[in-house]
Amino acid sequence: MLDAADLPNDIAELKAMLIAATALGLRKDERIERLEKLVAAFKQAAFGRKSEKSDPEQFDLALEDLETAIAAIHAEDEADTAPNKRVSKPRAANRGSLPKHLPRIDEVIEPESLICACGGCLHRIGEDVCERLDVVPAQFRVIVTHRPKYACRSCSDGVVQAPAPARLIPAGLPTEATVAHVLVSKYADHLPLYRQAQIIARQGVDLDRSTLSDWVGRAAFELRPVFDALIADLKRSNKLFMDETRAPVLDPGSRKTKTGYFWALARDDRPWGGNAPPGVAFTYAPGRAGHYAEQILQGFTGVLQVDGYAGYNRLIAPEHIGQNIQLAYCWAHARRKLVEITRTGAAPIAEEGVKRIGELYKFEAELRGLNPEARLTARQERSKPLIVEMKAWLAHHRARVSAKAPLGEALKYIAKYWDGLCLFLSDGRIELDNNSVERAIRPIALNRKNALFAGHEAGAQNWGIIASLIETCKLNSVDPQKWLTSTLTAIVNGHKQHLIHQLLPWNYPDKV
């Protein structure tokens, strides 16, 4: 609380303080509203009508993401209230004591100097000791931090002690490595938090799922700027892939889920020797409508390689203003339409189509790794004649096959996207398909299979943030556990916002 004497006399400074306070109040009101909605979701899930209650495991999954979302909001509030302070007073929590059987690693943090300002030597008069739960693969351990206190015998200038280190979880048990382990276990190894709590309990460490949720939510909040830097870096490229996959989200208090989507934006220039590192960013949206793709791609200009989903058409609609985007389509999807027909019985036309597309892929394998100019020249010499023949083949059979028959539908699909399918003949950077993004999106499906659904939309957003960074680590041969440990440590120690690009996975020096 400021006293009148603390207020500046300058009117401009007073106005600036008033504007800042008003903005802070608005942010607090918005956070209060978000928390109230989350609390309402909790109440409905916990105390709704008996017929609406989920089974215990589903309820655990719901609470997991709701608690993570609340923790992220609390971290946001604390950062807003004290943006330059990483050490706050301890919060009440059921932490207990760490088991005595866990090995202890003692570290001593000494002051920078043991010479007093008066010239005398400082002597040790005591210390502060704290314990935090750390983890190494398959074994937990306890980091015991000693901070000796020193005072001078020659004068009374006070006590000297090294400052307490910054922490991701203020006054909490885990080291940043422990939090990284939980994140990797949940989003890379697909272990829900309640299962992780069960695994940890086997080592005699009693941690509630809600405690792990708090760690994940705070980590997601701190990692958000890195995610924003990742997606911004991807959109500075002029050749990207995009795809979407379902993200079921629990409707709190009911047995049903609503369907949201993760939109994956990916870059992989390795097939043509590009210098930009590979990466993928998952953005959660409550639906699959094309305007979500448009929002995500705001600021991007160039070639976007996609499947045949009609929602992308709005990106190239005549009335679309502001973005110059070309859509390149996927031959793997075209081939898939024909393969499905061959599985139902003899289908010589479909089999011939599959063979023709296979010839394109066979030649394309020889071009992998060449520069765009070499790829383009080779495609003009060898792929273009195959495409010309296929166009004639397509027109011939479309005229003779019913458009409503399965084969007719498959041929119609190829004809509809023909120009985008053939765009690879004019640009050596374009791939035949969007398999790069489909491979990157696969872990989302695996996590969905194990976790069934996200417990809340805010939880799905946190899922997207952390999964994006972990998958980008894997694309760049970076150990996500090491990267997360290093990055969270750098963030809590005050890494500069304008240097956030230094924390992107491909800038991590330790490659696998």
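Can you list residues whose amide H is under 5 Å from residue 132's amide H, if they're 5+ apart or on another chain and H is modeled 1.01 Å from N?
143, 145
Of the listed pairs 239/391; 239/474; 355/384; 355/474, which have alpha-carbon separations greater than 22 Å here?
Listed pairs above 22 Å: 239/391; 355/474.
Looking at region 196-338, send over the antiparallel percent of its DSSP beta bridges, to the nearest 5.
Restricted to region 196-338, the bridges split so that about 70 percent are antiparallel.
Take the alpha-carbon positions of region 259-408, form their convex hull, and give its projected area averaged over all directions (one quarter of the hull surface) in nm².
One quarter of the hull surface, i.e. the mean projection, equals 11.6 nm².
Relative contact order of region 96-165, please, whole-number percent, based on alpha carbon pairs below 8 angstrom and at least 6 residues apart.
Relative contact order of region 96-165: 36 percent.
In region 211-338, what is the volume of the convex hull around the alpha carbon atoms, normalised per residue and reported in Å³?
It comes to 159 Å³ per residue, whole-number rounded.
Which aspartates and glutamates have a Cα lying under 14 Å from the Cα of residue 416, excluding residues fewer than 8 positions away in the same chain?
Hits, sequence-local ones excluded: 307.
Short version: ³J(HN,Hα) in whole Hz for each residue of region 331-345, in order, from phi by Karplus 6.51 cos²θ - 1.76 cosθ + 1.60 (θ = phi - 60°), x for Gly and Pro, what are they?
My calculation for region 331-345 gives 5, 5, 5, 4, 5, 4, 4, 6, 4, 4, 6, 5, 7, 8, x Hz in order.
Working only with C-alpha atoms, what are the Rg and Dmax values of region 337-407, expressed in angstrom?
Cα only, region 337-407: 14.8, 42 Å (Rg, Dmax).
Relative to the compact globular guide of 2.2 N^0.38 Å, what is the alpha carbon radius of gyration of region 369-502, as a ratio?
For region 369-502, the normalised Cα radius of gyration is 1.60.
Starting from a Cα-only point model with no solvent, please compute log10 I(q)/I(0) by Debye for region 140-280 at q = 0.11, 0.18, 0.19 1/Å.
Log10 of I(q)/I(0), two decimals: -0.69, -1.18, -1.22.
Cα gyration tensor of region 96-165, axes a ≥ b ≥ c as square roots of the eigenvalues: rounded (a/c below 1.5), prolate (a/b > b/c) or oblate?
prolate
Where a Cα-Cα gap under 13 Å defines reach, which aspartates and glutamates qualify for residue 37, not counting those fewer than 8 residues away within the same chain?
29, 67, 251, 457
List the residues whose amide H sits under 5 Å from the amide H of residue 261, counting only those 5 or more places along or on another chain, with H placed 1.01 Å from N in the peptide plane.
Under 5 Å from the amide H of residue 261: 247, 285, 287.
How much length, in nm to one decimal, is gained on full extension between residue 366 and residue 171, taken as 0.36 nm per residue of separation minus their Cα-Cα distance?
Taking 0.36 nm per residue and subtracting the Cα distance, the gain is 64.5 nm.
Coordinate-derived values only; no laboratory data. The model shown is predicted, which means the values in this text are computed figures rather than measured ones.
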